[in-house]
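Since the structure comes first, as structure tokens, the remarks are kept for the end.
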Amino acid sequence: MKTILQKTGSIILILSAILICFILLGIRADASFEIPGICRVHTDTGGAGTVKTLDYSYDDNTYLSLRDIAMLLKDTSQSFSLDITGSAVSLNPGSVYTPVGVENIPWESSGPVDIALRRNEFKVNGETVFYYTLIMQMPSGDYDCFMMAADLAMILDVYVTVPSAGSLQIHTQEPFGLSPADLEEAGYFNGVNSVLAGDATTGEIYYQYQSDTPYPIASTSKLMTCLLTMEAVSAGQLTLDEQVTVSGAVQSLAVSGDGVVPLKAGEQISVQELLVGALLPSSNECALCLAESVAGSEEAFVQMMNEKAQELGLSQTIFYNSNGLPSYTEDFIPVKRQNSMSAEDMFRLVSYLLNVYPQITDITSLKEATLDSLDFEVRNTNPLLRNLPEATGLKTGTTNRAGACLVTSLTADDGTMEHDLVVIVFGAEDSIERGRVSGLLARYALNTFDSGIKGTESGTDVQTSGNLPTHAEAAVNQVIRTARKRQLSE
């Protein structure tokens, strides 16, 4: 039994539901391509029809025809228009769909097709978003786009269920909703190392899975590097505008296979630009340059990282370098080590960072930026900045051992003050799943915050306030940030 989206209730929500829909008719094989199929879709307004599907690479890794869904929702409150080319999609919720004649017709052939899953250009109401889709040309010559049911449900903010195998129910009058506890029961989180969602402002955890076990964290390590840099700035050791000189070690990393920003020995670059480089495109060499600027050497800086971890009570944390890359020992048989941390420890670290230095989101909320010293353009690797207006950061990370990791921050307002919500995903299979799991939990966190009600899956609070020093600069920045939001809403 598969489910797409299900709130806590009489029908069990199964994760493969959120992502996949259905049993194909008569076609089952180990796939290395797309398998065409169909499902039956009903709406709560009485509409029903056949929707074409493509299973990408694996059975039940199902993508739905947007044109078929658009036709079924054409006369409902969830109608949307579509403009699809060979590499781009424009979707406009609330607009009327114009049929092209290929809608709700079963496949002419049941044979395999071969279409690449891509991050095609995708716009919703003219704004670029990041979702992975399949675009193919139909026999009529018109293009169709195939998308995961969960992704479409989040875009339309609509509640979807799978009442039986091979069928899908769209509840047009109900907003998107899900229960992580039901997803866990269905085995969804077996595909990741650990996850956690909570309120960093209060320390309250909404949901957690394997959150007390340390796992490699890849470039999310750079959050500690940036924290120590901010502390050096706060202590007057450095200034954000200060120019630092790039070392030979930094240049060596920059020209390696792990290089991101073309830093050259002897060049000068500001601390602010190094922070931007480390946080947006996840520059390993920028992180190393920050470490050397703060502590004189990376070895000394790593000691500071581990000391700070102990100070914050991060008991399931160890750092070997400033950037999260695999680190080898100098033994006869080298030992390959990676920075590791539990999701609970990351939540504590991020809670501290956002409470003491909230201005870091001025950087992490940028979608792109220019490093003026190098005249070099960089882009943020966090996909949720495009998909959720509430997203303010924070950091991606990927290595073979760590998998795909993402720490997401979101802003929420209780009417009195702003809160920072945090979603942590460690060890997803790839960036596609990392973004989708994070997006689902981010929606859950925002819904939970807005409703003020947590499900039975909620964990215990992680206390963070006891380790927070009082910084006048941080307090002022928090007030300014909240005041600016209020001003914009008036």
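The values are calculated or read from the model by the stated rules, or taken from the named source; none is laboratory data. Predicted, not measured: the structure shown is a model, and the values here were computed from it. Cβ: placed from backbone, ideal geometry, glycine included. Neighbour counts: every protein chain shown. We work out accessible area using only protein heavy atoms, side chains counted, and drop any ligands, DNA or RNA first. Shrake-Rupley method; radii C 1.70, N 1.55, O 1.52, S 1.80 Å.
List of remarks:
- Pairwise centroid distance, computed over Cα atoms, of region 300-335 with region 348-376, Å: 23
- For region 77-160, applying the loop criterion from DSSP together with a ceiling of 14 other beta carbons within 10 Å to the trypsin sites (Lys or Arg not before Pro) yields Arg119.
- Region 271-360: chymotrypsin sites (Phe, Trp or Tyr not before Pro) falling in loop per DSSP and having at most 11 other Cβ within 10 Å: Phe332
- Restricting attention to the chain, the count of lysine pairs at 8 or more positions apart or across chains with alpha carbons under 21 Å apart stands at 13.
- Ordered by solvent-accessible area of protein heavy atoms (1.4 Å probe), largest first, the residues Arg67, Arg443, Arg40 come out as Arg40, Arg443, Arg67.
- Across region 35-52, computed HN-Hα scalar couplings (Karplus, 6.51 cos²θ - 1.76 cosθ + 1.60, θ = phi - 60°) run 9, x, x, 9, 9, 9, 10, 10, 10, 6, 9, x, x, 7, x, 8, 10, 6 Hz from first to last residue, x flagging Gly and Pro.
- Among the GluC sites (Glu not before Pro) found in region 318-414, those both in a DSSP coil and sparsely packed, with 12 or fewer other Cβ atoms within 10 Å of their Cβ, are Glu330.
- For Val260, residues with placed amide H under 5 Å, excluding near neighbours: Asn284, Glu285
- Within the accessible area of the chain (1.4 Å probe), percent carbon and sulfur: 49
- With θ taken as phi - 60° and the Karplus curve 6.51 cos²θ - 1.76 cosθ + 1.60 applied, the whole-hertz 3J(HN,Hα) list for region 169-176 is 10, 9, 9, 5, 9, 10, x, 3 Hz, x standing for glycine and proline.
- Relative contact order [Cα under 8 Å, 6+ residues apart], the chain, whole percent: 14
- Sequence-distant residues sharing a close amide H with Gly393 (under 5 Å, placed H): Ser409
- Along region 408-414 the Karplus relation, 6.51 cos²θ - 1.76 cosθ + 1.60 evaluated at θ = phi - 60°, assigns HN-Hα couplings of 10, 10, 9, 9, 9, 10, 9 Hz to successive residues, with x for each Gly and Pro.
- Interchain or long-range residues, amide H under 5 Å from Phe122's placed H: Val89, Val129
- Helix-only [θ]222 nm of the chain, DSSP H runs n ≥ 4, -39500 (n - 2.57) each, per residue, nearest 500: -8500 deg cm²/dmol
- Two-site FRET efficiency, Val113 against Glu242, from Cβ-Cβ distance with R₀ of 60 Å, rounded to 0.05: 0.60
- Net length gained if the chain between Glu127 and Thr45 were fully extended (0.36 nm per residue, minus Cα distance): 26.6 nm
- Placing a label point 7 Å from the Cα of Ser140 along the Cα-to-Cβ line, the residues of region 56-83 whose backbone N sits under 18 Å from it are 64-75, 80-83.
- Pairwise centroid distance, computed over Cα atoms, of region 193-243 with region 418-446, Å: 15
- With 10 Å bins beginning at zero, the pair-distance distribution over Cα atoms of the chain amounts to 4, 19, 28, 24, 16, 8, 1, 0 %.
- Dipole size of the chain about its Cα centre, with +1 on Lys/Arg Cβ and -1 on Asp/Glu Cβ: approximately 560 debye, rounded to the nearest 20.
- Pairs of alpha carbons in region 251-337 whose separation is greater than 19 Å (percent): 45
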